[in-house]
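One structure, as structure tokens, below. Some questions next.
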There are 2 protein chains.
Amino acid sequence: MAADRRTPPRDLPVVETVDASFLEGLLGYNARRASLAVIDVFLRRMAPYGLRPVDFSVLSLVVHNPGITSRQLCTSLGILPPNLVNLVAALERRGLLERHPHPRDGRATGLHPTAEGRRLMDEAERTAAALEAETAARLSATELRTLLKLLRKVYAAD
Amino acid sequence: MAADRRTPPRDLPVVETVDASFLEGLLGYNARRASLAVIDVFLRRMAPYGLRPVDFSVLSLVVHNPGITSRQLCTSLGILPPNLVNLVAALERRGLLERHPHPRDGRATGLHPTAEGRRLMDEAERTAAALEAETAARLSATELRTLLKLLRKVYAAD
DNA sequence: TATTGTTATACTCTATAACTATA
DNA sequence: TATAGTTATAGAGTATAACAATA
């Protein structure tokens, strides 16, 4: 599948600087680039806690919502049930949360943070807040508030 | 790995409505959610053209930058070279672009849109622009401009 | 020696089907 | 009959190492 080398060097155009202006005008393109940039920093700063973004999200919801079920986690975070199983199992093995039978629904399992889970999340959430200010250092506090508001407007009413 | 069913139904908390307020205050969380929502619509509306977001991005850059190299595409879009190969090969097989030797660098290959490639992108880009207005219908034109500007500010200076 | 494009490959993420136990 | 949780598995997306051809 090599290019046709028999073609003589004719009037073929050469690109010096790439024009990406069309893509840069699209919301999807910019939202994706921004989210990748932010998540990249997040990944590096959360590595010491052994938490990927998805682990952070799950454990954060468990800490702020003791007794939350897997189903509620999936709905809140847009994770499919089969993909949550190992996530929760790993956090349980690390002693960061416990599973107890749901008091009112025998099918469900309530997820509860352990003392260690609360302690870790307290640290991790403070790191996340600091990181937030840092990542968005190019934005004023007002700009950051506006950005969050507009982003929520884009996906909230789905 | 079942929950301990011997535990009697004690004072275990039950979550009625999930509190996600901490996550909703994080830029990364909101950027990710927004980008997934926008890309989901994009995916559905571009399916008739047989273009995923990444195909759209690649072909758009080729159309707007005839002669662009794989390396330039990778740098512009944050794709790793090995993962671009099959992408370009597929677009070539569909007759949407052609590969010709680079006039000034024997190692490189220039990518050039075919007439069919230009025609398809013309349609696809008009659909993308329409979709843009639609997806962001909850935002005013001013809000959309502000959102794009702030998103670029987040990732631009990386 | 460095760079472009490529192959092979591995790892993660996401998605679907099917099962169990409870409601 | 429907739902919560689980298993197994398939597919897409993303990553690294190593190579040939050219600079």
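The values are calculated or read from the model by the stated rules, or taken from the named source; none is laboratory data. As the structure is a prediction and not an experimental result, all values here were calculated from the model. With ideal geometry, Cβ positions are generated from the backbone for all residues, glycine too; neighbour counts draw on all protein chains shown.
Identify the single condition in (1) touching a strand residue (DSSP E or B) at 6+ places or on another chain (Cβ under 9 Å); (2) surrounded by 14 or more Cβ atoms within 10 Å (Cβ to Cβ) that A:Ser60 does not satisfy, given that it satisfies every other one.
Only one criterion in (1) touching a strand residue (DSSP E or B) at 6+ places or on another chain (Cβ under 9 Å); (2) surrounded by 14 or more Cβ atoms within 10 Å (Cβ to Cβ) is unmet by A:Ser60, namely (1).
Consider B:Arg44 against the criteria (1) away from DNA strand D (no atom under 12 Å from the Cβ); (2) at the interface with chain A (Cβ under 10 Å from one of its Cβ atoms): it satisfies all of them except one. Which criterion is unmet?
Every listed condition holds for B:Arg44 apart from (2).
Taking A:Ala141 as the residue in question, decide whether it is within 15 Å of B:Leu27 (Cα to Cα), modelled with pLDDT under 95, away from chain B (no Cβ under 11 Å) and more than 14 Å from DNA strand C (Cβ to nearest atom).
Values: within 15 Å of B:Leu27 (Cα to Cα): yes; modelled with pLDDT under 95: yes; away from chain B (no Cβ under 11 Å): yes; more than 14 Å from DNA strand C (Cβ to nearest atom): yes.
Yes.
Since A:Ile79 meets every condition but one in (1) assigned to a helix (DSSP H, G or I); (2) within 11 Å of DNA strand D (Cβ to nearest atom); (3) at pLDDT 95 or above, which condition does it not meet?
With (1) assigned to a helix (DSSP H, G or I); (2) within 11 Å of DNA strand D (Cβ to nearest atom); (3) at pLDDT 95 or above applied to A:Ile79, the lone miss is (1).
Going by the conditions given, is B:His112 assigned to a strand (DSSP E or B), within 16 Å of DNA strand C (Cβ to nearest atom) and farther than 20 Å from A:Phe22 by Cβ? Walk me through how you get there before you give the answer.
On the way: assigned to a strand (DSSP E or B): yes; within 16 Å of DNA strand C (Cβ to nearest atom): yes; farther than 20 Å from A:Phe22 by Cβ: no.
When the stated conditions are applied, B:His112 does not pass them.
Here is a follow-up. Could you please tell me which pairs satisfy a Cβ distance under 9 Å, a separation of 6+ or placement on different chains, a first residue in region A:61-75 that is on the phi > 0 side of the Ramachandran plot, and a second residue that is away from DNA strand C (no atom under 16 Å from the Cβ)?
Close Cβ pairs satisfying both conditions: A:Gly67/A:Leu111; A:Gly67/A:His112; A:Gly67/B:Pro13; A:Gly67/B:Val15.
Taking only region B:107-123 into account, find how many residues are β-branched (Val, Ile, Thr) and within 13 Å of DNA strand D (Cβ to nearest atom). Full working, then the answer.
Of all residues in region B:107-123, those β-branched (Val, Ile, Thr) come to B:109, B:114.
Among the residues that remain, those that are also within 13 Å of DNA strand D (Cβ to nearest atom) are: B:109.
Counting residues in region B:107-123 that are β-branched (Val, Ile, Thr) and within 13 Å of DNA strand D (Cβ to nearest atom) gives 1.
Still on this model: Restricting attention to region A:82-102, report how many residues are more than 10 Å from DNA strand C (Cβ to nearest atom) and outside any helix (DSSP H, G or I). Full working, then the answer.
Taking region A:82-102 as the starting set, the residues that turn out to be more than 10 Å from DNA strand C (Cβ to nearest atom) are A:88-100.
With outside any helix (DSSP H, G or I) added as a condition, the list becomes A:94-100.
The total comes to 7.
Run B:Leu80 past the list (1) more than 18 Å from A:Leu36 (Cβ to Cβ); (2) out of contact with any Phe, Trp or Tyr (no Cβ under 6 Å at 6 or more places or on another chain) and report the number of the one that doesn't hold.
Unmet for B:Leu80, out of (1) more than 18 Å from A:Leu36 (Cβ to Cβ); (2) out of contact with any Phe, Trp or Tyr (no Cβ under 6 Å at 6 or more places or on another chain): (1).
Pull up region A:82-106, narrow it to residues that are within 11 Å of another protein chain (Cβ to nearest Cβ) and among the basic types (Lys, Arg), then point me to the one that is nearest to DNA strand D (Cβ to nearest atom).
Once the filter is applied, the top-ranked residue is A:Arg99.
Going by what's in this entry, would B:Ser140 be described as small (Gly, Ala, Ser) and crowded, with 16+ Cβ neighbours inside 10 Å?
Spelling it out, it is not the case that B:Ser140 is small (Gly, Ala, Ser) and crowded, with 16+ Cβ neighbours inside 10 Å.
Please count how many residues of region B:115-131 are more than 9 Å from chain A (Cβ to nearest Cβ) and touching a helix residue (DSSP H, G or I) at 6+ places or on another chain (Cβ under 9 Å). Before you say what the answer is, go through the steps one by one.
Applying the first criterion (more than 9 Å from chain A (Cβ to nearest Cβ)) to region B:115-131 yields B:115-124, B:126-127, B:130.
Among the residues that remain, those that are also touching a helix residue (DSSP H, G or I) at 6+ places or on another chain (Cβ under 9 Å) are: B:117-118, B:120-124, B:127, B:130.
Number of matching residues: 9.
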